[in-house]
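Engineer: Below is the structure I would like to discuss, written out as structure tokens.
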Amino acid sequence: MDTPLLRAPSARIIPGLVTLMLCSMGVFAPSAVAADPGPDLLGIDMAKWMNDDLNRSLSPVEQLKAKWVRCGIAWKQIEPSPGKYDWEHLDRVVNQTKQHNLHLLVTLRAFNPWAGIRIPEKQNQAQAQRAATPPKDMAQFARFVKAVAARYKGRGVCWQIENEPNLDVHWPGSGLIRFSNPGRLMPSTCTTISSPKKGIPAPLWITEFDFPSGPLTVRQKTVSFAPDQQARFLEQAVSRAKAEGVQHLFWMFMRDTERGQGNHLGLAAMDGRRKKAWNEFVHVASD
């Protein structure tokens with residue numbers, strides 16, 4: 001039985017969403033996994049800010065000494081109709097992250113109204129935009145993924161297929177997807193932190209982790225947290241990840257959001273005021 005990789009010292013669970021990424025696809029060979037991942041360990045999930053002014057959004061990432069950013073993009077954004085591709089947004093993301101000397105992880109989301117089995121009735125609502133749906137034709141989805149990978153080949157972009165496939169709002173059970181080349185596995189995610197599945201020698205990426213600096217309510221239960229705890233848990237999580245040979249680790253919220261899950265999970269407040277966890281992130285990223 002796999003045992004959890006990370007656990008908050010005084011809590012039964014780690015607050016926030018945590019995902020496991022099995023990354024291969026020829027990007028990292030199994031031999032690349034090391035006990036000490038080195039200075040490129042830490043990244044920031046930029047899902048909430050990649051539609052803003054990218055230069056303004058990416059500059060704080062550099063100030064945090066992070067080396068990676070993660071963003072998600074829906075299938076429908078790139079292929080709004082069959083065979084018709086719109087690369088403008090993703091081109092801009094790839095180019096500007098490179099200009100800021102940052103590595104990029106892109107999570108490809110399977111949401112596409114013309115290609116999916118399960119289509120939300122109100123597609124313009126935020127929840128519908130986050131939803132994913134199994135494709136009607138997996139070969140069609142494979143062609144899309146290959147087109148994306150081919151366009152950005154050699155440009156230092158890593159790819160993740162879907163987000164939290166154990167949740168119904170996403171693509172349940174998407175798991176590992178094998179295409180025509182038997183030696184290339186597309187990455188997948190789940191919400192449980194555990195050792196890589198036996199028989200799949202792959203680096204371990206934690207693509208979402210965070211801790212709150214204030215009260216957090218989950219399933220109608222409120223747990224109290226303080227800024228000191230957020231900073232301390234961050235340091236301990238990074239230390240444990242290094243010890244376990246985790247290759248990359250992405251903090252989920254760069255700054256607090258107005259409401260919902262992210263209202264205390266940022267390294268900075270909504271007004272930009274930096275919390276103690278911001279300074280701790282800089283410290284561990286520089287160590």
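Engineer: With β-branched (Val, Ile, Thr), in a loop (DSSP other than H, G, I, E, B) and either touching a helix residue (DSSP H, G or I) at 6+ places or on another chain (Cβ under 6 Å) or at pLDDT below 95 (or both) as the only criterion, which of 222, 257 stands out?
Structural biologist: Of 222, 257, the one residue that is β-branched (Val, Ile, Thr), in a loop (DSSP other than H, G, I, E, B) and either touching a helix residue (DSSP H, G or I) at 6+ places or on another chain (Cβ under 6 Å) or at pLDDT below 95 (or both) is 257.
Engineer: Could you check how many residues of the stretch 41-97 are in contact with a strand residue (DSSP E or B) (Cβ under 9 Å, 6 or more places away or on another chain) and on the phi > 0 side of the Ramachandran plot?
Structural biologist: The number of residues fulfilling the criteria is 1.
Engineer: Now a separate question. When the stretch 59-80 is examined, which residues are found to be within 18 Å of residue 147 (Cα to Cα) and either part of a loop (DSSP other than H, G, I, E, B) or without any contact (Cβ under 8 Å) to a residue 24 or more places away in the chain (or both)?
Structural biologist: If the condition is that a residue be within 18 Å of residue 147 (Cα to Cα) and either part of a loop (DSSP other than H, G, I, E, B) or without any contact (Cβ under 8 Å) to a residue 24 or more places away in the chain (or both), then 77, 79, 80 are the ones that fit.
Engineer: In addition: So which pairs qualify, if the first residue must be in the stretch 233-244 and closer than 21 Å to residue 266 by Cβ and surrounded by fewer than 22 Cβ atoms within 10 Å (Cβ to Cβ), the second must be at pLDDT 95 or above and not hydrophobic (A, V, I, L, M, F, W, C), the Cβ gap must be under 9 Å, and the two must be at least 6 apart or on different chains?
Structural biologist: Sorted first by the residue in the stretch 233-244, then by its partner, the pairs are 235/280; 235/283.
Engineer: Also, quick follow-up: In the set 132, 142, 150, which member is at pLDDT 55 or above, surrounded by 19 or more Cβ atoms within 10 Å (Cβ to Cβ) and among the aliphatic types (A, V, I, L, M)? Outline the logic, then answer.
Structural biologist: Working: 142 fails: surrounded by 19 or more Cβ atoms within 10 Å (Cβ to Cβ); 150 fails: surrounded by 19 or more Cβ atoms within 10 Å (Cβ to Cβ).
Step by step, each of 132, 142, 150 is checked, and only 132 is at pLDDT 55 or above, surrounded by 19 or more Cβ atoms within 10 Å (Cβ to Cβ) and among the aliphatic types (A, V, I, L, M).
Engineer: Continuing with the same structure: Considering only residues that are in contact with a Leu (Cβ under 8 Å, 6 or more places away or on another chain), of a type outside the set (Asp, Glu) and in contact (Cβ under 8 Å) with a residue 40 or more places away in the chain, which ones fall in the stretch 266-281? Explain how you work it out, then say what you get.
Structural biologist: Of all residues in the stretch 266-281, those in contact with a Leu (Cβ under 8 Å, 6 or more places away or on another chain) come to 267, 274-275, 277-278, 280-281.
Checking which are of a type outside the set (Asp, Glu) leaves us with 267, 274-275, 277-278, 281.
The answer is 267, 275, 277, 278, 281.
Engineer: Every residue in the stretch 260-287 that is surrounded by fewer than 18 Cβ atoms within 10 Å (Cβ to Cβ) and either over 20 Å from the mean Cα position of the chain (by Cα) or aromatic (Phe, Trp, Tyr) (or both), please.
Structural biologist: Passing the criteria: 269, 270, 271, 272, 273, 274, 276, 279, 283, 286, 287.
Engineer: Is it the case, given these coordinates, that residue 39 is surrounded by fewer than 14 Cβ atoms within 10 Å (Cβ to Cβ), over 22 Å from residue 268 (Cα atoms), out of contact with any His (no Cβ under 8 Å at 6 or more places or on another chain) and at pLDDT 50 or above? First the steps, then the outcome.
Structural biologist: Working: surrounded by fewer than 14 Cβ atoms within 10 Å (Cβ to Cβ): yes; over 22 Å from residue 268 (Cα atoms): yes; out of contact with any His (no Cβ under 8 Å at 6 or more places or on another chain): yes; at pLDDT 50 or above: yes.
It is true that residue 39 is surrounded by fewer than 14 Cβ atoms within 10 Å (Cβ to Cβ), over 22 Å from residue 268 (Cα atoms), out of contact with any His (no Cβ under 8 Å at 6 or more places or on another chain) and at pLDDT 50 or above.
Engineer: Next up: Look at residue 163 and say whether it is at pLDDT below 90, surrounded by fewer than 16 Cβ atoms within 10 Å (Cβ to Cβ), under 30 Å from residue 116 (Cβ atoms) and not small (Gly, Ala, Ser). Even if it seems obvious, please write down each step before you answer.
Structural biologist: Values: at pLDDT below 90: yes; surrounded by fewer than 16 Cβ atoms within 10 Å (Cβ to Cβ): no; under 30 Å from residue 116 (Cβ atoms): yes; not small (Gly, Ala, Ser): yes.
Against the criterion (at pLDDT below 90, surrounded by fewer than 16 Cβ atoms within 10 Å (Cβ to Cβ), under 30 Å from residue 116 (Cβ atoms) and not small (Gly, Ala, Ser)), residue 163 does not qualify.
The values are calculated or read from the model by the stated rules, or taken from the named source; none is laboratory data. Just so you know, these numbers come straight off a predicted model, no measurement behind them. Cβ sites come from the backbone with ideal geometry, for glycine too, and all protein chains shown count toward neighbours.
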